[in-house]
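Report on one structure; see the data block that follows.
No value in this document is a laboratory result; all are computed from the given coordinates. Note that the structure is predicted; figures quoted are calculated from it, not measured. When we count neighbours, we look across all protein chains shown, and the Cβ atoms used for this are built from the backbone with ideal geometry, even at glycine.
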């Protein structure tokens, strides 16, 4: 695992996160912007005609300009990774991705709408109770136990091999053809790791103590009566989900207050209920417009810097 330390960590590299990064960079703060797998919603905009100074610009072009601006400051770094766990409000905040641990004085959440709903029924209630998003972090806890790992890209294969090396009894589930994944599919087969492809996980089921006990799967694309006929139940000790991370559930588990719609609640200076933790952009709800996201990011960056001056008295 890589180790990083910074003054300000910004989760999200969309308009809000990059705007906050510009203000942190201008203040010469040691800043990391975490760029997740889920692309900014701005990329999906073919034409934008209401960004001041740009009569007609694509979302991708505008996002590139934002990122170039943020990265123009020597104190700002952009690294890739999805957040899988947070420890907040303990003086020094700790954030983990699948490959890195990051400590920071101030955190700015700017993840956009992201993945708002769980993909697997029952998933959110089992985070930390047999559902994990980090094979490298939690794999050693399940040595000699049955673990299932679910995803659809090369990272699935890498993590499956890592779990096998840790001594876990590994079963791979993917909704695509295993031979369509690049890299190490043959190595999994050679090691005798069970591969269940063209399959989706429908539900995660806990035992009486609230710990994962079973998962239910179905063939990819099965519909109607065909679904129930092909449901399969698997007993397991842990489910590793590699394909996505439901950020709202992770924030809530870390103590960040959400509203009834799953948005992060902030006050007039973009501060959450946790001191030193701010949020900006679509993750806070409201009007989903680039200009609002950028403005909230600027406000979060300004107040994050003010907070640092207060605690450091500089």
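How much length, in nm to one decimal, is gained on full extension between residue 203 and residue 176, taken as 0.36 nm per residue of separation minus their Cα-Cα distance?
7.9 nm
Using a Gaussian network for the chain with springs between C-alpha atoms less than 10 Å apart, which of these wobbles most: 194, 203, 54?
The residue with the greatest mean-square fluctuation here is 54.
How do 131, 291 line up, fewest other C-beta atoms within 10 Å first?
Result, fewest neighbours first: 291, 131.
So what is the relative contact order of region 224-314, in percent, for Cα pairs below 8 Å that sit 6 or more residues apart?
17
Can you tell me the length gained on complete extension of the stretch residue 56 to residue 125, counting 0.36 nm per residue apart and subtracting the Cα distance?
Extending this stretch completely gives an extra 20.4 nm.
In whole angstrom, and with the biggest value first, how far do the Cα coordinates of region 1-138 range along each principal axis?
The Cα atoms of region 1-138 stretch 51, 37, 23 Å along their principal axes.
In whole angstrom, note down how far apart the Cα centers of region 138-168 and region 175-207 are.
11
So for the chain, averaging the separation of alpha carbon pairs under 8 Å that are six or more residues apart and normalising by length, what relative contact order in percent results?
About 22 percent, as a whole number.
Taking a virtual spin label 7 Å from the Cα of residue 273 along the C-beta vector, which residues in region 70-107 bring their backbone nitrogen under 15 Å of it?
Counting only backbone N, you get 88-89.
May I ask you to derive the relative contact order of region 124-241, considering only C-alpha pairs under 8 Å and at least 6 residues apart, and to give it as an integer percent?
31
Please report Rg (one decimal) and Dmax (integer) in Å for the Cα set of region 96-185.
For region 96-185, the Cα radius of gyration and maximum Cα-Cα distance read 14.9, 44 Å.
Relative to the first principal axis of the alpha-carbon coordinates of the chain, what is the inclination of helix 154-165, with its axis defined by its Cα atoms, in degrees from 0 to 90 and to the nearest 10?
Value to nearest ten degrees: 60.
Could you identify which residue out of 48, 102, 212 has the top mean-square fluctuation in a GNM of the chain using Cα springs shorter than 10 Å?
Judging by the Gaussian network model, the answer is 48.
Mind sorting 199, 272 by how few other Cβ atoms lie within 10 Å of their own Cβ, fewest first?
Arranged by neighbour count, lowest to highest, 199, 272 become 199, 272.
Between residue 141 and residue 69, what length comes free when the chain is fully extended (0.36 nm per residue of separation minus the Cα-Cα distance, one decimal in nm)?
That works out to 21.6 nm of additional length.
Could you tell me what percent of the DSSP beta bridges with both partners in the chain are antiparallel, to the nearest 5?
Of the beta bridges lying entirely in the chain, close to 35 percent run antiparallel.
Report the calculated FRET efficiency for residue 37 and residue 257 (r = Cβ-Cβ distance, R0 = 22 Å), to the nearest 0.05.
Step by step, r from the Cβ atoms, then E = 0.30.
What do you get for Rg/Rh of the chain when both radii come from the Cα atoms and Rh is the Kirkwood radius?
A ratio of 1.00.
Could you tell me how many degrees, from 0 to 90 and to the nearest 10, lie between the Cα long axis of helix 15-26 and the main elongation axis, the longest principal axis, of the Cα atoms of the chain?
50
Looking only at region 124-241, where both bridge partners belong to it, what percent of the DSSP beta bridges are antiparallel (to the nearest 5)?
Once the DSSP bridges in region 124-241 are tallied, antiparallel ones form about 40 percent.
Taking springs between alpha-carbon atoms closer than 10 angstrom, which of 35, 64, 273 fluctuates most in the Gaussian network model of the chain?
Looking only at 35, 64, 273, the biggest GNM fluctuation is shown by 64.
Each label point is 7 Å from the Cα along the Cα-to-Cβ direction; what then is the distance between the points at residue 162 and residue 79, in nm?
About 1.4 nm, to one decimal.
Which ordering of 208, 243 is given by a fewest-first count of other beta-carbon atoms within 10 Å?
The order, fewest Cβ neighbours first, is 208, 243.
Let me see the pair-distance distribution of region 124-241: every alpha carbon pair, 10 Å bin width, integer percents in order.
Binned Cα distances yield the sequence 14, 46, 33, 7.
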